[in-house]
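Each remark here refers to the structure printed beneath this line.
The values are calculated or read from the model by the stated rules, or taken from the named source; none is laboratory data. The structure presented is a predicted model; accordingly, all values stated were derived computationally and were not measured. Here Cβ is always computed from backbone atoms with ideal geometry, including for glycine, and neighbour counts include all displayed protein chains.
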Amino acid sequence: MTTVNRFISLTFIGLCYCSTLSAGTEVKWKNVKDPILGDALFHLYQDQNFSGIIQLSADQQLGRVKLQKEEAELALTMLNLSYGLHREAASDMVTLQKRGNVNKDISNHIWFYIAKIRYQRGYFAMAESALSQITGALPWELEQDLQLFMALLLMDRGEFSPASKVLGQIKGNTGAVPFARFNSAVSLVQNEEMEEALAALQQVSEIEFRTEQEKYLRDRANIYLGYYQLLEEENPEKAISYFEKVHLFGVESNEALLGLGWAHYALDQYEPALVAWSELTTRNTSDPNVQEAMIAVPFTLAKNESFTRSADLYNLALEAFNHEIKSIESTIQSVIKGAFFDKLLTDISEGEKGWNGDVYTLPKSSESYYFTQMLARHDYQEALKNYRDLRYLQNRLTEWRRDLATFDDTNHYWIDNLLNRAKEFSQQQFTKTAQELKDTRTQFMAQLAAIEANRDAMALASSKELRQLARVVELKASLELGASNNPKAQQQRRQLSLLERQILWDIHSKFSSRLRKAKLDLDEVVNTVSQTTQRHQALTTLAQDAVTHARTFDGKIGRLNGKINALQPKIADAIEETEAHLINIAVFALEERRTQLEAFIAQVSFSVGVSYDGKR
């Protein structure tokens, strides 16, 4: 077996130490009086960015924002930014700055956030343009971040010497410093200034880390220094000291264990080498470091003439590698069919958050391991986010189309309901009834005139009075029939006569007042008929207007359906293109893995033969 043959490359590491910015944290929102603004901020801080943009934009178009219009514009800018719509956010910021509606500190934070999004999407020129909008004195940590960012842009252009100068100015105890030192080492390596590069990496390898990102950075620096000492300086003892600093279960631990084994091997310390590699072989066999260790262990055993054990382990490695190739081929087929991305994006609802949505949480499956390294690349992250967001938008359009169908059904239900109600208020029937009431009133007025002329008080007597009078007359008649002359009967006749006269007196005394009331009641009938006529006309007009208004929704719903119909094929095409891009990247990486495994298999097959020869 050949000696260690590894190429360690430094990569730019910059903005990963910044926690995911939440656009809006820079603004101290006080005295939020407008409920529309409050609703927008709720969406912003709940990471409901897509819904917040839709709702606030609609509220602004419909003129619902009454109290805090300028603050609402700033909230919309931040929602756009959190969702990843950097062009819209930049345009909004330019408008707000021209009007002087946003202070400089908030403006600087937002432009920095815009630049970060553009950088991670590979729009380096646009990122520089956003950084150029940052002016004036900055908070110390933001100034450090800005310097690091500018250095990264210089490095992306291949201007490593200017980048080193900028990175050298980043000092102090901020989170940017370790990243500045690491990237300074990158620039120095590119300029072949190895002594200075190693010194910068040495500083990073000794940092007291406070975050997981700084821990990863320290481990990465120690791995580079370890392999540099092992391969370039041929100083395995010093290499061991660096490898041993790497955390045993950190992200970089597999690479460190492999290097540690080779460093001990270079010193003919086979037992410590086997300890490191044996630990490594217990880990995920999809990792190339683990695969190399699975070859290194039997190779070392063969050096110690443990040929039987060596041959057995070579055969186990062959079995594992062949299984891994089948797994890779299965994953390639799954990726080509597009089925894998449905498994990969288990929660498309993260598309509600947009750019802040998580794409790093992989489902638990053997296939997921192959994508861990790809997800470390900004281009793959952004492509996967775009794919997820497009799928989410596709689902939302389908929901909106279904909602529009419901709105359309509801609208037509109310149109039919209003038309049926309108039929119940027939104008012809109502006019006939009103005229009959007027004719009746005319007849009553003529009767009242006759009553008044004849002073016919009895005509205005109440039914109660007429019943009482009739009863008195009936009783008097019964007494007359008895023709009794006894004192008691005579007394009763006198009492009935008095009662009759009292009733007649009441009827005649109230004649004038009753006549006036009857005339007023008839006038009230006329007023009621007139008011009812007006109300009927208003109700008829209202029903007609409501039907007309409801029918305007037919056009709106039709136009919205047309927009959805136009967008759906475009989104489908975009999904297809993005999926094809993701497939190409994934298949290329997987095929590289397969090629590497095939090389391992060829090497192991040869080594198995050597082991069997040794046994004989």
### Query
Counting only residues that are part of a helix (DSSP H, G or I) and touching a Lys or Arg at 6+ places or on another chain (Cβ under 8 Å), how many does the stretch 30-57 have?
3
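Could you grab me the full set of residues in the stretch 37-68 that are hydrophobic (A, V, I, L, M, F, W, C) and either surrounded by fewer than 21 Cβ atoms within 10 Å (Cβ to Cβ) or farther than 23 Å from LEU393 by Cβ (or both)? Spell out how you get there, then give the answer.
At the first step, the residues of the stretch 37-68 found to be hydrophobic (A, V, I, L, M, F, W, C) are 37, 40-42, 44, 50, 53-54, 56, 58, 62, 65, 67.
LEU37, LEU41, PHE42, ILE54, ALA58, LEU62, VAL65, LEU67 - these are the residues of the stretch 37-68 that are hydrophobic (A, V, I, L, M, F, W, C) and either surrounded by fewer than 21 Cβ atoms within 10 Å (Cβ to Cβ) or farther than 23 Å from LEU393 by Cβ (or both).
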### Query
Do we find a residue being modelled with pLDDT of 75 or more, surrounded by 12 or more Cβ atoms within 10 Å (Cβ to Cβ), in contact with a Lys or Arg (Cβ under 7 Å, 6 or more places away or on another chain) and over 30 Å from ARG377 (Cβ atoms) anywhere in the stretch 571-592?
no
### Summary
Those residues of the stretch 188-210 that are closer than 15 Å to GLY168 by Cβ and within 39 Å of the chain's Cα centre (by Cα) come to a total of 1
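Rundown of residues vs (1) out of contact with any Phe, Trp or Tyr (no Cβ under 7 Å at 6 or more places or on another chain); (2) loosely packed, with under 15 Cβ neighbours inside 10 Å, yes/no style:
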{"position": "ASN191", "(1), (2)": "no, yes"}
{"position": "GLU208", "(1), (2)": "yes, yes"}
{"position": "GLN213", "(1), (2)": "no, no"}
{"position": "GLY226", "(1), (2)": "no, no"}
{"position": "ILE240", "(1), (2)": "yes, no"}
{"position": "GLU255", "(1), (2)": "yes, no"}
### Message
For the condition in the same structural domain as LYS517 (by TED's automatic domain parsing) and either on the phi > 0 side of the Ramachandran plot or at pLDDT below 70 (or both), what is the one hit in LYS438, LYS432?
### Response
LYS432
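Condition check ((1) small (Gly, Ala, Ser); (2) not in a helix (DSSP H, G or I)) across all residues:
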position	(1), (2)
ASP59	no, no
LYS66	no, yes
GLU73	no, no
ASN80	no, no
LEU96	no, no
SER107	yes, no
ILE110	no, no
TYR113	no, no
ILE117	no, no
#### Entry: Tabulated pairs, the stretch 158-187, first within 18 Å of TYR224 (Cβ to Cβ), second charged (D, E, K, R) and surrounded by 15 or more Cβ atoms within 10 Å (Cβ to Cβ), C-beta under 7 angstrom, 6+ apart or interchain
PRO178/GLU214
### Near pairs, Cβ below 8 angstrom, 6+ apart or cross-chain, from the stretch 226-246 (modelled with pLDDT under 90) to any residue that is in a helix (DSSP H, G or I) and of a type in the set (Val, Ile, Thr)
none
### Query
Can you find a residue in the stretch 61-80 that is touching a residue at least 12 places away in the same chain (Cβ under 8 Å) and under 19 Å from ARG388 (Cβ atoms)?
yes
### Query
When you look at SER310, is it among the hydroxyl-bearing types (Ser, Thr, Tyr) and within 16 Å of ARG391 (Cα to Cα), yes or no?
no
## Note on the structure
Quick count over the stretch 151-175, residues being in a helix (DSSP H, G or I) and either closer than 19 Å to ASN222 by Cα or polar (S, T, N, Q) (or both), is 2
### Task
Could you tell me whether the stretch 108-116 includes any residue that is touching a Gly at 6+ places or on another chain (Cβ under 7 Å), hydrophobic (A, V, I, L, M, F, W, C) and surrounded by 19 or more Cβ atoms within 10 Å (Cβ to Cβ)?
no
